[in-house]
Amino acid sequence: MKASYRWLRELVPSLEASPADVAARLTHAGLEVEGTSEYGAGTESCLVVRVSGVRPHPTKSGLRLVTVDRGAAAAQEVVCGAPNVPEPGGLVVLAPLGAYLPAKDLTIAPRAIAGVTSEGMLCSESELGLSDESGGIIVLPPGTAEPGTPLAVAVPNARDTIYEIGLTPNRPDGLGHVGLARELAALFEIPFGMPRPKPEALAKVADVATKDLVAIAVEDAERCPHYGAAGAVDVTIGPAPLWAKYRLQALGVRSISNVVDVTNLVMLEYGHPMHAFDLDRVRPDASGSRRIVVRRAKDGESLKTLDGVDRKLVADDLLICDGAGPVALAGVMGGASSEIQDDTKRVLFECAFFEPRGVRRTARRNAMHTESSHRFERGVDPGDVAAVLDRAVALTIELAGAAATRGRVHVQPGAPAGQAEPAPTAKRALRFRGQRVREVTGVDVPFAVSAGILARLGCEIAKTEGDTCEVLVPTHRPDLGREVDLVEEVIRVHGMDSVPAELPPIRASRDVGGREELARRAKEVCAAIGLSEAITFSFTSERALEALAAPAPAVKLDNPMAEHQNVLRTTLLVGLLDAVKNARRRDERDVREFTVGPVFLAPAAAATRAEVDAVLPDERLRVAFALAGDRPAWLEKPKPLEVWDAKGYALEIARRLTGKPASVVPASRAEAPAHLHPRGAAFVEVDGQRVGAFGPLHPDAVDALELDGEVLVFEMELDPFAAGAATPKFAAIPRFPASARDVALVVKDGIPAGEVEAAVRAAAGPLAEAVRLFDRFVGGQVPAGHASLAFRVVYRSPERTLTDAEVDAAHANVVATASSKFGATLRA
């Protein structure tokens, strides 16, 4: 929010604080001034001068020698190349010798131009920092000021201090200068009065009533509980005067025309957006009557907005319509069909209160964020509609020579149709106890001081009993809904610096443990094995879930942050893969990341969508990782990560979390998860329970998610291990020696090594202490289509030393079993 120091001073005439003091006080009170800028900083040293003569440059075409009168019989000649030098008698702006122009970082000095010395410069708006555009030098209206007057004196709004205020969403009153002025008056303890047009400003009234110009109907009073209108006729469209033009440009708003500028000035003053219709372009209905109707859109209905875009609407969008169709998207942007044109003669001003959530949905759905929607989404003051309309009409009379139509029109539910004065807006009543300030903040603020602060902020104090009173909250403060909000207002104005720096006694709601502890352990394990944590959203899109063949979403958001985050995830992989995609788009190919968090599944007992909506989702804690790129390598060529790397990470995570051995079971093509490549998919089991799956991502999923290359993924349930890892059991150091035997078995290449290892372990019998696969070899003397699997079997008895005959017998059984079960032969 940009705010003008000069405008604030006009609204609070008693304010004598410097711009720096105002910025500091606003920041300390919670309306952070993020920066200040000086508008028109060079205008103090520039002078209004009168052109007294113009002649061509003696040697350079396109240049002219302009003689100007600086006042007090002082004249000088300057070289100028601007195409719009006025005839003698016109007023222009001169930067004399020694003047510094910050916008161009230029100090004016004598300069020879094509042989003629120019001791000054006629200035454009861009050279003075008044505008980014420059269409020639500034030509002032006749009578602006006497020659020799500094421009900052002749046109005060050409010099200002502009604040950039970082408002929080709960302070919509700060989106207008009236709200900021009220805040400053409260902070500096000076009087404040709402700006009202002077009676003479509205004295020029036409002999026509507003209600006779147009009929107004509101069909959706829930979304538009108050619609107000006022009119002006005999309008002359033209450029706005310099004071209005520079006031808008200082605040980053382009000046368009006097009437359009009126709507922007009033919005910036009150923080309440409004719209101006060309009344002659408001199309009549079938009966020939001009009508304004506020209604919901029909699905598929279209509207061309002022930005030139044809927008397809849905039934949730609120429209302002004339007799033939939509003319504005309520609270967001007007339509092109009834905008103010150069030939506009009659203007209808609209000022309404639109329900904030509806405006927010429409703006998000149409990807529009306008000055209007920004304010309506946060909540404008429903009680200032009449004041805003009066101010707009008064400015139109002043700037466009118009005449006001008689009366206003207000449409409110339960009130007479077309009433001239609005029904008062109900105010929220809150109880306020003086001691609550001390209890909440630790600061002893007397009740009288607290009540005075609330009154300065616009609250009404009623029914006072001791240090307790009833507070009527002003309509411009929708954020005040509880007693503690009033406490915050008191301490904010009284001074946050007075709050003692002491930690209050806090009792935890419950002990840390359960799922939080499980999630913490999972993160520690993943980080310990070399994975990096990715913080991912719980929100995703149905399209992303479909790409991964994940369960359908159990929770759909009514008001999502964005269209691609409209459901709660049913798999952790969506967030991880989105991070992989972002990394690859930035040329970071090597990714080893994990995330821990909940997924939200449909309740097991719910069969229909209605049943799902009626029950809370099944929230399960999971861990997942994604691997992509190359395996770390030193002194050798990097090799891409493969499914064996994913297997190693998956088994280590399962083993460390459970404290038990984990095993891998290859997935058949029929049972492989749909999001994994069927040739590399596998399940992780602990104690015979299937807890997770890993493998390369299916090519269809890679393409659908635009991942640009293979990714290895793993996802595992954590809830089965909430009890913690199994406690390790003590085993005494063996007293008797072991006997190790190696055996290399040649089997067909398609036989899983895990099955062979399990058979070897079973055949070795109780004397086998350990069985480990230590080599796999293909080629050489191994027949084609076969592989050599080398196992080391360690035999030991806890009671005695084994004889060679016992070990030989057990080992012979291993070879025999492998031969009979797998057709294995001993490798030569």
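Things to note:
- Residue within segment 274-284 that is within 29 Å of the chain's Cα centre (by Cα) and either more than 27 Å from T36 (Cα to Cα) or touching a residue at least 12 places away in the same chain (Cβ under 8 Å) (or both) present: yes
- Members of segment 771-828 that are of a type in the set (G, A, S) and either in contact with a His (Cβ under 9 Å, 6 or more places away or on another chain) or closer than 13 Å to L745 by Cα (or both): A787, S788, A790, A812, A816, A818, S819, S820, G823, A824, A828
- Of everything in segment 354-384 that is over 19 Å from D558 (Cα atoms) and among the charged types (D, E, K, R), the residue that is most open to solvent (accessible area, probe 1.4 Å) is E371.
- Of residues in segment 441-466 being outside any helix (DSSP H, G or I) and touching a strand residue (DSSP E or B) at 6+ places or on another chain (Cβ under 7 Å), the one most open to solvent (accessible area, probe 1.4 Å): K463
- Every listed requirement among (1) buried (at least 20 other Cβ atoms within 10 Å of the Cβ); (2) out of contact with any strand residue (DSSP E or B) (no Cβ under 8 Å at 6 or more places or on another chain) is met by G238 save one, (1).
- Check on L676, in contact with a Lys or Arg (Cβ under 9 Å, 6 or more places away or on another chain), aliphatic (A, V, I, L, M) and surrounded by 20 or more Cβ atoms within 10 Å (Cβ to Cβ): no
- Filter pass, E125 being under 37 Å from the mean Cα position of the chain (by Cα) and crowded, with 17+ Cβ neighbours inside 10 Å: yes
- Considering residues of segment 17-44 that are of a type in the set (G, A, S) and in contact with a Pro (Cβ under 7 Å, 6 or more places away or on another chain) only, the residue farthest from E77 (Cα to Cα): A41
- Hits in segment 759-786 (condition: open to solvent by less than 70 Å² (accessible area, probe 1.4 Å) and either part of a helix (DSSP H, G or I) or touching a helix residue (DSSP H, G or I) at 6+ places or on another chain (Cβ under 8 Å) (or both)): A759, V760, A763, A764, G765, L767, A768, V771, L773
- Residues in segment 258-288 that are touching a Gly at 6+ places or on another chain (Cβ under 7 Å) and surrounded by fewer than 16 Cβ atoms within 10 Å (Cβ to Cβ): R283, P284, D285.
- Screening D742 against (1) surrounded by 13 or more Cβ atoms within 10 Å (Cβ to Cβ); (2) assigned to a strand (DSSP E or B); (3) not hydrophobic (A, V, I, L, M, F, W, C) leaves a single unmet condition, (1).
- Of R433, R406, R438, all but one fail to be in contact with a Lys or Arg (Cβ under 9 Å, 6 or more places away or on another chain) and surrounded by fewer than 18 Cβ atoms within 10 Å (Cβ to Cβ); the exception is R406.
Quick grid of which residues meet (1) of a type in the set (S, T, N, Q); (2) touching a residue at least 12 places away in the same chain (Cβ under 8 Å); (3) touching a strand residue (DSSP E or B) at 6+ places or on another chain (Cβ under 6 Å); (4) over 30 Å from R656 (Cα atoms):
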position: A738; (1), (2), (3), (4): no, yes, yes, no
position: A758; (1), (2), (3), (4): no, no, no, no
position: E769; (1), (2), (3), (4): no, yes, yes, no
position: L773; (1), (2), (3), (4): no, yes, yes, no
position: L789; (1), (2), (3), (4): no, yes, yes, no
position: E806; (1), (2), (3), (4): no, yes, no, yes
position: V815; (1), (2), (3), (4): no, yes, no, yes
position: S820; (1), (2), (3), (4): yes, no, no, yes
position: R827; (1), (2), (3), (4): no, yes, yes, yes
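- Taken over segment 75-109, the criterion of being closer than 12 Å to V51 by Cα, assigned to a strand (DSSP E or B) and open to solvent by 70 Å² or more (accessible area, probe 1.4 Å) is satisfied by A75 alone.
- Residue within segment 156-164 that is open to solvent by 60 Å² or more (accessible area, probe 1.4 Å) and assigned to a strand (DSSP E or B) present: yes
- Residue match in segment 385-397 (condition: hydroxyl-bearing (S, T, Y), open to solvent by 10 Å² or more (accessible area, probe 1.4 Å) and under 25 Å from G238 (Cα atoms)): no
- Search result, residues across segment 279-329 that are part of a loop (DSSP other than H, G, I, E, B), under 23 Å from D212 (Cα atoms) and either out of contact with any Pro (no Cβ under 6 Å at 6 or more places or on another chain) or of a type in the set (S, T, Y) (or both): V282, R283, D285, A286, S287, G288, S289, D322, A324, G325
- Options E706, E671, E685; residue that is surrounded by fewer than 15 Cβ atoms within 10 Å (Cβ to Cβ) and under 25 Å from A753 (Cα atoms): E671
- Just so you know, in segment 58-74 the residues that are within 56 Å of the chain's Cα centre (by Cα) and not hydrophobic (A, V, I, L, M, F, W, C) include one that is least open to solvent (accessible area, probe 1.4 Å), and it is G71.
- Counted residues, segment 740-751 - those being in contact (Cβ under 8 Å) with a residue 60 or more places away in the chain and touching a His at 6+ places or on another chain (Cβ under 9 Å): 5
- Qualifying residue in segment 562-580 (condition: touching a residue at least 60 places away in the same chain (Cβ under 8 Å), surrounded by 15 or more Cβ atoms within 10 Å (Cβ to Cβ), among the aliphatic types (A, V, I, L, M) and over 23 Å from F694 (Cα atoms)): no
- Test: residue in segment 612-630 that is closer than 18 Å to E533 by Cα and either in a helix (DSSP H, G or I) or among the β-branched types (V, I, T) (or both): yes
- Scanning segment 387-440 for residues that are part of a loop (DSSP other than H, G, I, E, B) and among the hydroxyl-bearing types (S, T, Y) turns up just one, T425.
- Total residues in segment 179-224, condition in a helix (DSSP H, G or I) and under 35 Å from the mean Cα position of the chain (by Cα): 10
- Answer from A670, A662 - the residue that is among the hydrophobic types (A, V, I, L, M, F, W, C), at pLDDT below 95 and more than 25 Å from V574 (Cα to Cα): A662
- Selection status of A415, open to solvent by less than 70 Å² (accessible area, probe 1.4 Å), farther than 30 Å from V293 by Cα and out of contact with any Lys or Arg (no Cβ under 9 Å at 6 or more places or on another chain): no
- Scanning segment 297-306 turns up no residue that is out of contact with any Leu (no Cβ under 9 Å at 6 or more places or on another chain) and hydroxyl-bearing (S, T, Y).
The values are calculated or read from the model by the stated rules, or taken from the named source; none is laboratory data. These numbers were taken from a predicted model, which means no experiment stands behind them. Using ideal geometry, Cβ is built from the backbone for each residue, glycine included, and neighbour counts are taken over all protein chains shown. These area figures cover heavy atoms from the full protein model, side chains too; ligands, DNA and RNA do not enter into them. Shrake-Rupley method; radii C 1.70, N 1.55, O 1.52, S 1.80 Å.
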